[in-house]
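J.: Handing you a structure now.
The values are calculated or read from the model by the stated rules, or taken from the named source; none is laboratory data. In this text the structure is predicted, and so the values were computed from the model without any measurement. Cβ placement follows ideal geometry from the backbone for every residue including glycine, while neighbour counts extend to all protein chains displayed. Keep in mind that these areas ignore ligands, DNA and RNA; they rest on the heavy atoms of the full protein, side chains included. Shrake-Rupley method; radii C 1.70, N 1.55, O 1.52, S 1.80 Å.
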Amino acid sequence: MGSFASLGNRLYTGETSLDIVRRQKTWYAISACLLLVSFAALGVRGLTLGLEFTGGSEFRISGANTTSDLPGSRAVTDVVPGATPKVARVGDDSVRVQTDKLTDRQTDQVRGTLAKAYGVQVDDVTASFVGPSWGKTVSQKALIGLLVFLALVAVVISAYFRTWKMAVAALAALIHDLIITVGIYALVGFEVTPASVIGFLTILGYSLYDTVVVFDKVRENTAGITGQTRRTYSDAANLALNQTLVRSINTSVVALLPVGAILFIGAFLLGAGTLKDLSLALFVGIATGTYSSVFIATPLLADLREREPEMKTLRRRVLARRAEGSKAATAPRPARGRARTAVLDRPGEGADSVSGDGTGDLAGADAGRDVPTDPAPRAAGASAAGSGAARRRTSGPRNQPRRGGSRSKRR
């Protein structure tokens, strides 16, 4: 756990970086494959709609001696040959049997055969009929709610981040999550119930939340980005992804663990029911939403922003600076003698006498200072030295008589 925390610190500071934005084509290809599989599953197999959407009769057996689906299927087919009943366990000792619409006489006969098959009284078997109009109403309201939700999301994100491109990227991630989740339902054959529809709408909110968190960090890193030449917009967006990656993983794991527990309890302990349908949609949607917020929304946003003229200019400046830096780093360094030549190349220090290969730098420098090569300066120096010596001989203490001589005269 400590290593994971240190990884998060390195990602946040930029010491370690995962190049996610620059590999957007890889993520787009993966998403395209998932979308194609989802559309193929929807077109070939279709969704397995529950009784609420198709209409039909439902029987519930309470206190059954067994929860196997075989007695229920035989009981229905004995009365209605050719029927395709759906039998599922509900709780510890209850069974649910769904079939097509039956007449009143067929309903009474099925109740009797189900009571005998599961060893209960007829009164312990309840029958109900659900018309398809109820499911149709639910579907229409869910679709209206989805459209209103997407419209409000586009307006709020555009106003909050002050750019419509973030709204487009967020909505693309939401639609991506919804299609893949529905495609998984069609591919595996999960039954779609009103609880599943509620789960579909719930995962949109979760996916949007994770995307907005990443976008907020992107906005923070790209504030005033055109005034520098260190990073492009894609670089800043990739840094924001790395800084929020550990947070996204932790949030997803924390969300998936309880949902997975509810799914396990609903599927294996309590049997089929609303709890299972809701948790199944949430589990698939949360996993898909985490993927889209990291690998789809932010790379798509970077692609949209990089098309702007300002960002194109910024990219050219950043690349030009990096090219200059790489040339400076790969340029050969000057030799030691050349460096000394540059230091000694000052007027009056004899830099011209230093050899180009630096073999006689010290000797040449000394020669340039002490023994000029030009005869004129040499003569001028000699005359100056002679005049100075003459001045010293004609003036000063040497022209006065010595004390020793005067003492000899007095003696």
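J.: Can you work out the Karplus-derived ³J(HN,Hα) for every residue in region 97-104? Use 6.51 cos²θ - 1.76 cosθ + 1.60 with θ = phi - 60°, whole Hz, and x for glycine or proline.
T.: My calculation for region 97-104 gives 10, 10, 8, 5, 5, 10, 6, 4 Hz in order.
J.: If you filter region 20-122 for trypsin sites (Lys or Arg not before Pro), then keep DSSP loop positions with at most 15 other Cβ within 10 Å, what is left?
T.: R45, K101
J.: As an exercise, use a Förster radius of 25 Å and the Cβ-Cβ distance of I198 and T26 to find the FRET efficiency, rounded to the nearest 0.05.
T.: That pair, I198 with T26, gives E of 0.15.
J.: Accessible area per residue for region 51-105 in Å², computed with a 1.4 Å probe and the full protein assembly in place, what is it?
T.: The answer is 51 Å² per residue.
J.: Something else about it: Cross-link partners among lysines for K116, C-alpha distance below 27 Å, same-chain residues fewer than 8 apart left out?
T.: K86, K101
J.: Work out how much length D19 to D78 would gain on full extension: take 0.36 nm times their residue separation and subtract the Cα-Cα distance, in nm to one decimal.
T.: On the way: separation 59, 0.36 × 59 = 21.24 nm, distance 6.26 nm.
Here the segment from D19 to D78 would lengthen by 15.0 nm.
J.: Then there's this: Can you tell me which lysines have their Cα less than 29 Å from the Cα of K165? Leave out same-chain residues fewer than eight positions away.
T.: Those lysines meeting the cut-off are K25, K141, K217, K312.
J.: Related question: Give me the number: length gained by fully extending L143 to A329, i.e. 0.36 nm times residue separation minus the C-alpha to C-alpha distance, one decimal in nm.
T.: Residue separation times 0.36 nm, minus the Cα-Cα distance, leaves 61.0 nm.
J.: Next question, about the same structure. Rounded, prolate or oblate for region 179-282? Axes are the square roots of the Cα gyration tensor eigenvalues, ordered a ≥ b ≥ c, and the cut-off for rounded is a/c under 1.5.
T.: Prolate, since a/c reaches 1.5 and a/b exceeds b/c.
J.: What ranking, highest mean first, results for peptides 215-223, 320-328 when packing means the other Cβ atoms within 10 Å averaged over each residue?
T.: 215-223, 320-328
J.: Same structure again: Can you give the FRET efficiency for K101 and V253, using 1/(1 + (r/R0)^6), R0 = 56 Å, r = Cβ-Cβ distance, to the nearest 0.05?
T.: Details: r = 45 Å, r/R0 = 0.80.
Step by step, r from the Cβ atoms, then E = 0.80.
J.: What is the spin-label model distance, in nm, from R321 to Y160 if the labels are put 7 Å beyond Cα along the C-beta direction?
T.: According to this spin-label approximation, the distance is 3.1 nm.
J.: Under 5 Å between amide H atoms, partner at least 5 residues away or on a different chain: which partners does V125 have, H built in plane at 1.01 Å?
T.: Those lying under 5 Å, H to H, from V125: there are none.
J.: What are the ³J(HN,Hα) values, in whole Hz, obtained from phi via the Karplus relation 6.51 cos²θ - 1.76 cosθ + 1.60 with θ = phi - 60°, for each residue of region 112-118 in sequence order, with x given for Gly and Pro?
T.: x, 5, 5, 4, 5, 5, 9
J.: Next question, about the same structure. On a C-alpha basis, how far is the centre of region 45-117 from the centre of region 287-335 in Å? Whole number, if you could?
T.: Centre-to-centre distance over Cα atoms comes out at 61 Å.
J.: So what is the relative contact order for region 183-268, in percent, with contacts set as C-alpha pairs under 8 Å and at least six apart?
T.: 22
J.: If R0 is 35 Å, what FRET efficiency do you get for S133 and A223 from their C-beta distance, rounded to 0.05?
T.: E between S133 and A223, to the nearest 0.05, is 0.05.
J.: Per-residue counts of other Cβ atoms within 10 Å, averaged by peptide: what ranking do you get for 164-172, 140-148, 226-234, highest first?
T.: With the highest mean Cβ count within 10 Å placed first, the list reads 164-172, 226-234, 140-148.
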